[in-house]
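The values are calculated or read from the model by the stated rules, or taken from the named source; none is laboratory data. On a predicted model such as this, the values are computed, not experimentally measured, just so you know. Cβ coordinates were reconstructed from backbone atoms using ideal geometry, including for glycine residues, and neighbour counts include every protein chain displayed. Remember, those area values only see protein heavy atoms, side chains included, never the ligands or the DNA or RNA. Shrake-Rupley method; radii C 1.70, N 1.55, O 1.52, S 1.80 Å.
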Amino acid sequence: MAKRIALTQLSSCWGCDQSLIDLHLRLLDVLPELEIVYWPAVVDYKLHDLENLPDNSIHIGLVEGSCRTKEDMHLLEIMRAKSKILVAWGSCSVFGGVQGLANQWDLKELLERKYMKAETVTDPRIPKENLSGFTEHIVPNPELVEVDVLLPGCPPTSDNTLDALTALLTNKPFDLPAKTVCDQCPMEREEKNIKQFKRTHEGKIEPGKCILDQGYLCLGFATIGLCGAQCPTVNTPCKGCFGPPPAVTDHGAKIISALGAVADMDPEELQNAFPDPIGSFYFTDYASSYLSKMRGKNRGKKK
Amino acid sequence: MTAATQKTVPSKSKKKRKGKFEPRIVAFCCNWCSYAGADLAGTSRMQMPPNARIIRINCTGRIDPLFILDALYQGADGVLISGCHPGDCHYTSGNLKMRGRFVLLKKLLEDAGIDPERIHLQWASAAEGDVFTKGVTAMVERIKKIGPNPLRKGD
Ligand code: SF4
Ligand code: SF4
Ligand code: SF4
Ligand code: FES
């Protein structure tokens, strides 16, 4: 019997959908197993179609994106109520995503920056009509509702999503691995002793050799190994888009810890090497960091 | 627990003294230097504000930045890290690794909107009970100026 599946997008770039569709013809292998009951990215369903389904009537619910609006919150709660297995799909859903970096500012500042002060704005006003309203800050979905399966990645590779779906369709567990991107990476490594950090556009990355050893911030050591090390394999530093392995509670803390050990530099030089450490160390998971949670709790108190 | 730590951990007073802010400081002290220094301060009966909770660690190189973030998250008003002088680390360079981590962490705190002065790194040898004591006193003064950690839980 085909399993009923729903796919929802909260605030996101829809890249996770794109990655799934990149399966191309291989999609045909799983499609017969699935009865799609909601997937606005591809099929013309409306929100009330989802709202009208009985609770627990969806076998697998995939939620992409994080809650930047009150409507996102509503969708997330409905998906939770209707799904037997709720999957946080992609780094937005698991950790808050790139938009979580906005947690460095208050909502008021963000709205002013975007709607009043942006260089291209000609009619400055903060939109209010026909809108559900914004959330104060980004909270990762697993902290808002109970989530059964985590599948990070920005986006998860086509195969990651296929693997997860295949496991869930056959009632098998889908657990995250403890390994890192470095564990999957073919680059040749040496004893690390970094004297200088370079930006990616500075100098040239030598193929075949560990990118971190060459003084570029490659975050493979602190990042969960699910993507097959696809960036370092093509000479591009890992930006950590899949977030940390399950045992690591704070991506940035782990990165700082390792940098302290491998950098042979003056403290000042080291500090100056990373002008935007939050952006560099928490590309897709700032909302799930200690720092962001501290500020979030503060906001709660001020109100 | 040695005499020194017992002296530095304040007895929990039940009375709530309103209006007066007494910072709570978590002090990570290296076993080979500052912890011994703190001990010396205790046995030589040096005066030290009772605000620091000392946690002994084998080397400052063993401090995961996570410990510091977690302490702040749990409501510590400040975190003091006290280790061997550069060149004197029992494990050669643990303190230098800590120093690298510390500067990065400070920048992170600043960017996240948390006063970076809430964390401080100092060097104090086993013989420098006075340096350690002064470090704690200065830390308490600094934190008094910044004010309580907004995440601080009830006294
Ligand atoms: S996880 Fe990445 S690819 Fe997926 S929706 Fe979010 S930003 Fe897009
Ligand atoms: S640091 Fe980067 S390049 Fe080096 S082994 Fe790890 S993933 Fe590969
Ligand atoms: S190598 Fe790193 S940045 Fe690239 S896809 Fe994998 S986790 Fe993301
Ligand atoms: S042993 Fe004291 S800092 Fe390393």
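If only residues of region A:255-292 that are in a loop (DSSP other than H, G, I, E, B) and either open to solvent by less than 10 Å² (accessible area, probe 1.4 Å) or of a type in the set (Phe, Trp, Tyr) (or both) are counted, the one that is farthest from the other protein chains (Cβ to nearest Cβ) is A:Thr284. Taking the criterion of being closer than 19 Å to A:Ser280 by Cα and under 21 Å from the mean Cα position of the chain (by Cα), the residues of region A:172-222 that qualify are A:Thr180, A:Val181, A:Cys182, A:Leu217, A:Cys218, A:Leu219, A:Gly220, A:Phe221, A:Ala222. Among all residues of region A:12-23, there is at least one that is in contact (Cβ under 8 Å) with a residue 12 or more places away in the chain, within 22 Å of A:Cys241 (Cβ to Cβ), assigned to a helix (DSSP H, G or I) and open to solvent by 60 Å² or more (accessible area, probe 1.4 Å).
Meeting the requirement of 2 or more residues that are farther than 24 Å from A:His251 by Cβ, the helices (runs of 4 or more DSSP H) wholly within region B:64-155 are B:129-146.
In the set (1) outside the structural domain of A:Gly220 (by TED's automatic domain parsing); (2) open to solvent by less than 90 Å² (accessible area, probe 1.4 Å), the condition left unmet by A:Asp175 is number (2).
Any residue that is touching a strand residue (DSSP E or B) at 6+ places or on another chain (Cβ under 7 Å), without any contact (Cβ under 8 Å) to a residue 60 or more places away in the chain and within 14 Å of chain B (Cβ to nearest Cβ) - is there at least one of those in region A:244-254? Taking every residue of region A:244-254 in turn, at least one turns out to be touching a strand residue (DSSP E or B) at 6+ places or on another chain (Cβ under 7 Å), without any contact (Cβ under 8 Å) to a residue 60 or more places away in the chain and within 14 Å of chain B (Cβ to nearest Cβ). Out of curiosity, is A:Ala118 closer than 25 Å to A:Ser280 by Cβ, outside the structural domain of A:Tyr282 (by TED's automatic domain parsing), open to solvent by less than 10 Å² (accessible area, probe 1.4 Å) and more than 16 Å from ligand 3 (Cβ to nearest atom)? Spelling it out, it is not the case that A:Ala118 is closer than 25 Å to A:Ser280 by Cβ, outside the structural domain of A:Tyr282 (by TED's automatic domain parsing), open to solvent by less than 10 Å² (accessible area, probe 1.4 Å) and more than 16 Å from ligand 3 (Cβ to nearest atom).
Quickly run through region A:24-53 and pick out the residues that are open to solvent by 60 Å² or more (accessible area, probe 1.4 Å) and hydrophobic (A, V, I, L, M, F, W, C). Break it down into steps so the answer makes sense when it comes.
First, the residues of region A:24-53 that are open to solvent by 60 Å² or more (accessible area, probe 1.4 Å): A:24-26, A:28-29, A:31-33, A:35, A:42, A:44-46, A:48, A:51-52.
Of everything in region A:24-53, those that are open to solvent by 60 Å² or more (accessible area, probe 1.4 Å) and hydrophobic (A, V, I, L, M, F, W, C) turn out to be A:Leu25, A:Leu28, A:Leu31, A:Val42.
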